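Below is one structure, written out as structure tokens; the observations come after it.
The values are calculated or read from the model by the stated rules, or taken from the named source; none is laboratory data. Quick caveat, the model's predicted, so the values are computed rather than measured. Cβ: placed from backbone, ideal geometry, glycine included. Neighbour counts: every protein chain shown. Heavy atoms of the whole protein, side chains included, go into the accessibility calculation; ligands, DNA and RNA do not. Shrake-Rupley method; radii C 1.70, N 1.55, O 1.52, S 1.80 Å.
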Amino acid sequence: MTPAAPRDGSFRLAWLVFWVSAAVLGFEIVLMRLLLVCSWNHFAFVVISVVLLGFGASGTALTVARAWVLPRSDWLVFALSLLTAGAIPICAVLAQHVPIEARFVPALLAEHAAKWVLYWAILTIPFFFGAAAIGLALMSAKGRIAGIYASNLLGSGAGALLAPVLMTVAPPQWLPLLLAGPAVVGGLSLAPRRPSVRYTAWTVLFVAVTAFLVLDPPHLRLDSSKYAAQIQQWAPPFTPQRIAHAYGPRATVEAYRSEAIHDLPFLGLGESPPPITAIVIDGHRAGSVLNVASAAEASVVDQTLMAAPYAFAPDQPRVALLGEIGGSNAWLAVRRGAASIDVVQPYPAVFELLRGPLREDGGAVLAHPLVHPICAEPRHFIEHTPNQYDLIHLVALESSAAGSGGVAGLGQDFLMTEQGITACLKTLRGDGLLFACRGIQTPPRDNLKVLATFIRALAGIGVTEPDRHIVIVRDFLAVCTIVKVSPWTSNEIDRLRELCRRRQLTPVWFQGIRDDELNQPDALESPPDGVGDWYHYAARNLFSSNADQFIDDWNFDIRPATDDRPFFYDYFKLRSLRALKDAYGELWLTRTELAFLFIMAAATIVSVVGAALILAPLAVLRGSRLGSRRFATLSYFAAIGLAYLLLEMTLLSALTRAIGDPVLSAAVTIAGFLIFSGAGSLTAQRLTPASRRTVARLFVLLLIICCVTLLALDPLTSLIGGFPEPLRLLLAPLAIAPLGYLMGFPMPFALAQLERAAPSVIPWAWGINGFASVVATPLAMMVGMTWGFTWAGIAAIGLYGAAALVFTKLSRR
């Protein structure tokens with residue numbers, strides 16, 4: 001027998017579901033921030049999969065144990081909310097004891113994989129408890145199931161918005177403890193009547209969490225290959241001192257000082273820099289602050305590779321430094337006679353530290369009258385600035401090559417896309433220069449992708465002979481690729497040859513370069529034809545009519561990134577695995593990026609686990625009233641689960657470009673979808689039971705809005721990106737409101753059908769939907785990295801169309 005809703009009524013049950021959902025989704029967003037600090041990516045697609053895996057597993061458990069849990073639903077929902085509150089901070093701390101690494105060593109591959117599986121298994125526990133509380137509430141809410149489902153969505157949206165707020169007031173390691181609060185608030189609404197039981201439950205929760213936190217206080221364990229983790233291993237007296245720090249939704253920013261910190265990117269041999277303060281963002285080395293008080297004391301920057309392009313800039317150039325963090329390149333621009341220098345980077349805390357604690361340690365560069373600090377995402381800034389520049393420096397690329405054996409390729413960079421570089425070129429004056437310096441890698445890929453992107457962007461502004469607009473030079477550390485809006489003149493080429501002789505630089509490409517000028521003085525491995533180095537060989541081919549074939553044949557993915565496929569740091573090609581294994585043997589893992597393989601492994605694991613947990617309740621349901629509709633029901637809930645998450649991931653990528661920060665974008669996108677879908681579910685409750693004609697019309701409207709949203713996505717994100725950040729955060733969810741609202745209808749309509757036909761199947765349907773969503777998140781990433789997110793959106797439209805047909809079939813029966 002299915003009992004009525006718990007004694008406090010449907011409102012109290014909905015209240016509990018709201019707060020538990022807020023805690024669960026808030027923890028989901030916080031996990032992304034924790035992973036950005038501790039590892040190399042926010043792993044949003046895995047976090048979302050883990051959340052939904054917890055929801056699916058709870059649906060399975062409730063289905064199997066239905067006969068036992070329903071008569072006890074009153075106190076079980078309360079107990080599960082308390083378990084959620086305790087599991088969030090405890091599991092967050094336990095996960096920090098699992099030494100996960102984002103760079104994989106071939107000999108330890110199985111061990112690395114096992115640690116990742118254990119890490120995610122621990123973090124699934126809070127989501128399992130929270131989802132079980134929500135699922136049991138759905139089973140208990142007879143006649144009000146759509147309202148409870150709407151509370152789940154609205155609470156989830158509120159939690160996604162709460163998380164960034166908490167990030168402004170607490171350091172990352174303490175955020176899980178704060179997010180236990182909403183689950184406790186929810187539990188208060190269904191506390192048992194007997195005071196002794198109620199007080200005992202609260203006491204046990206308080207003592208357990210307090211004892212655990214005292215014995216093992218919240219802390220963050222950084223990936224051992226991250227800069228912040230490595231410098232902590234330095235022996236005294238070189239152990240760095242953290243002299244300043246700040247945290248927030250954007251990043252955790254730290255400043256370290258040590259006598260051993262003296263590395264300035266791409267500084268020539270024999271040069272000794274002044275004392276340096278290292279700026280570390282989310283554990284990564286992000287910039288160097290020269291501890292100098294004036295430009296005269298910063299003469300060392302003249303010997304960096306980044307100084308070379310200034311030799312071809314006009315007198316008193318207007319300069320834009322996109323992604324400059326520490327200020328060393330600002331000193332370079334000052335010393336090179338710049339008339340105006342715009343320093344553009346997206347982290348408010350960086351400017352706060354440079355203007356505050358670090359002002360006397362080199363931060364004074366921001367107070368220089370020629371320097372204008374601008375806190376903005378570089379792509380947003382360059383697309384909407386009214387300024388015209390003589391020189392644009394892509395400082396964000398100023399690092400060593402991509403981390404082979406790691407997952408840096410998961411990061412999305414909208415500045416280094418065809419469209420982003422085209423926007424940079426359009427902002428240059430007639431003889432303006434755009435340049436990027438990036439470390440040498442073997443085999444080459446980063447700098448080849450830079451060159452291919454520059455060539456494609458030049459075509460975007462109407463240049464038909466890009467080989468006349470680009471020069472490439474290098475030293476023993478890095479490659480500098482310089483693109484000019486107008487063709488390089490013979491006089492400028494002569495000056496370039498003289499610069500290479502004077503600075504001991506190795507020319508790679510310029511119009512009219514001779515074979516005897518190549519690969520010297522710093523010789524690298526030559527290609528089979530023996531002409532120059534591999535960089536020159538690649539440039540010859542990329543400038544040729546055979547460029548597309550060369551890109552296709554190269555062992556790494558050097559296709560220019562696009563706004564629809566914004567993975568500049570992904571160089572992996574699945575079909576090149578055999579060639580890499582043949583060339584490097586057991587060390588092939590150290591010669592390629594593993595982002596795509598990581599996604600494939602994640603998709604395989606969650607699919608296997610998901611299939612196992614779906615098949616179990618199917619066996620239990622053999623004698624249920626579903627009968628021949630079992631497959632159709634499975635198909636429907638799987639289709640809408642896949643479609644929902646494919647669309648969400650597609651819009652998440654687009655809104656990341658509009659908002660600029662991946663964690664804030666995830667919070668806003670998830671909150672927008674859930675809140676507006678919740679509103680749709682509330683409307684669906686009023687329409688239930690709906691006629692087949694009503695349902696058909698809503699599905700048609702949903703499909704139309706899906707198509708319109710995909711078509712309008714590019715101009716819409718460009719428009720939103722032009723507003724200040726607070727306004728972007730408000731407009732982004734409103735942009736997806738119509739789509740999110742209509743996406744809230746398919747689930748409650750089908751749940752209402754099941755409530756009348758086979759109520760015992762509701763948790764199973766909930767689980768099917770969750771597991772389909774689990775598979776959808778890595779699937780969307782794989783599609784986005786291979787063909788672009790638009791194709792993921794198109795697949796979602798097809799799935800919603802299929803779901804409409806299945807619903808029509810089910811409703812007829």
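Quick look at the values:
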quantity	calculated
Which numbered condition L655 misses (of (1) touching a residue at least 24 places away in the same chain (Cβ under 8 Å); (2) out of contact with any Asp or Glu (no Cβ under 6 Å at 6 or more places or on another chain); (3) open to solvent by 10 Å² or more (accessible area, probe 1.4 Å))	(3)
Filter result for I88 (open to solvent by less than 50 Å² (accessible area, probe 1.4 Å), assigned to a helix (DSSP H, G or I) and closer than 23 Å to L153 by Cβ)	yes
Any hit, region 214-230, residues being of a type outside the set (D, E), surrounded by fewer than 19 Cβ atoms within 10 Å (Cβ to Cβ), free of Cβ contacts under 8 Å to residues at least 60 places away in the same chain and closer than 23 Å to V17 by Cβ	no
G798 open to solvent by 30 Å² or more (accessible area, probe 1.4 Å), under 18 Å from E648 (Cα atoms) and either aliphatic (A, V, I, L, M) or modelled with pLDDT of 80 or more (or both)	yes
Filter result for S272 (touching a Phe, Trp or Tyr at 6+ places or on another chain (Cβ under 9 Å) and open to solvent by 10 Å² or more (accessible area, probe 1.4 Å))	no
Test: residue in region 171-181 that is at pLDDT 90 or above, surrounded by fewer than 17 Cβ atoms within 10 Å (Cβ to Cβ), part of a loop (DSSP other than H, G, I, E, B) and under 31 Å from the mean Cα position of the chain (by Cα)	yes
Residue identified as open to solvent by 30 Å² or more (accessible area, probe 1.4 Å), under 19 Å from L751 (Cα atoms), modelled with pLDDT of 90 or more and not β-branched (V, I, T) among L687, L642, L618	L642
Where a residue in region 533-546 is in contact (Cβ under 8 Å) with a residue 60 or more places away in the chain and small (G, A, S) and its partner, wherever it lies, is crowded, with 24+ Cβ neighbours inside 10 Å and in a helix (DSSP H, G or I), with Cβ under 6 Å and at least six apart	A538/L448
Residue match in region 25-38 (condition: open to solvent by 20 Å² or more (accessible area, probe 1.4 Å), in contact (Cβ under 8 Å) with a residue 40 or more places away in the chain and in contact with an Asp or Glu (Cβ under 6 Å, 6 or more places away or on another chain))	yes
A102 vs. criteria open to solvent by less than 10 Å² (accessible area, probe 1.4 Å), modelled with pLDDT under 85 and either closer than 30 Å to L215 by Cβ or among the hydroxyl-bearing types (S, T, Y) (or both)	yes
Residue that is modelled with the lowest pLDDT, among those in region 690-740 that are hydroxyl-bearing (S, T, Y) and farther than 18 Å from L651 by Cβ	S691
Scope region 692-706; condition over 21 Å from A150 (Cβ atoms) and open to solvent by less than 60 Å² (accessible area, probe 1.4 Å); matching residues	A696, L703, C706
Restricting region 522-574 to residues that are assigned to a loop (DSSP other than H, G, I, E, B) and touching a strand residue (DSSP E or B) at 6+ places or on another chain (Cβ under 9 Å), the residue that is nearest to F414 (Cα to Cα)	R559
Boolean, A61 is small (G, A, S), in a helix (DSSP H, G or I) and within 16 Å of A137 (Cα to Cα)	yes
Region 755-791: number of residues that are open to solvent by less than 10 Å² (accessible area, probe 1.4 Å), within 21 Å of I145 (Cα to Cα) and of a type in the set (S, T, N, Q)	1
Meets criteria (modelled with pLDDT of 95 or more and either farther than 24 Å from K426 by Cβ or surrounded by fewer than 18 Cβ atoms within 10 Å (Cβ to Cβ) (or both)) for L499	yes
Any helices (runs of 4 or more DSSP H) falling wholly within region 707-805 and containing at least 2 residues that are closer than 30 Å to R250 by Cα and in contact with a strand residue (DSSP E or B) (Cβ under 8 Å, 6 or more places away or on another chain)	762-786
Residue list for region 467-487, restricted to those being open to solvent by 10 Å² or more (accessible area, probe 1.4 Å) and free of Cβ contacts under 8 Å to residues at least 60 places away in the same chain	R468, H469, S486, P487
Residues that are open to solvent by 10 Å² or more (accessible area, probe 1.4 Å), in contact (Cβ under 8 Å) with a residue 24 or more places away in the chain and closer than 23 Å to E492 by Cα, drawn from region 289-331	D302, Q303, Y310, A311, F312, A313, P314, R318
Region 547-562, residues that are in contact (Cβ under 8 Å) with a residue 60 or more places away in the chain and open to solvent by 60 Å² or more (accessible area, probe 1.4 Å)	N555, R559
Pairs with Cβ under 6 Å, 6+ apart, first in region 47-58 and part of a helix (DSSP H, G or I), second among the polar types (S, T, N, Q)	I48/T777; S49/T777; V50/T124; L52/S773; L53/T124; G54/T124
Region 120-137, subset touching a helix residue (DSSP H, G or I) at 6+ places or on another chain (Cβ under 7 Å) and open to solvent by 10 Å² or more (accessible area, probe 1.4 Å), residue farthest from V46 (Cα to Cα)	F129
Number of the exception - A452 against (1) surrounded by fewer than 19 Cβ atoms within 10 Å (Cβ to Cβ); (2) in contact (Cβ under 8 Å) with a residue 60 or more places away in the chain; (3) among the small types (G, A, S)	(1)
Any hit, region 315-334, residues being more than 23 Å from T385 (Cβ to Cβ) and either touching a Lys or Arg at 6+ places or on another chain (Cβ under 7 Å) or among the hydrophobic types (A, V, I, L, M, F, W, C) (or both)	no
Check on V761, on the phi < 0 side of the Ramachandran plot and in contact with a Phe, Trp or Tyr (Cβ under 9 Å, 6 or more places away or on another chain)	no
Subset tally (residues that are touching a Leu at 6+ places or on another chain (Cβ under 8 Å) and either of a type outside the set (D, E) or exposed (fewer than 14 other Cβ atoms within 10 Å of the Cβ) (or both)) for region 507-533	5
Residue ID - modelled with the lowest pLDDT, chosen from residues in region 669-682 that are open to solvent by 10 Å² or more (accessible area, probe 1.4 Å) and within 20 Å of A780 (Cβ to Cβ)	L674
Total residues in region 154-170, condition open to solvent by 10 Å² or more (accessible area, probe 1.4 Å) and assigned to a helix (DSSP H, G or I)	7
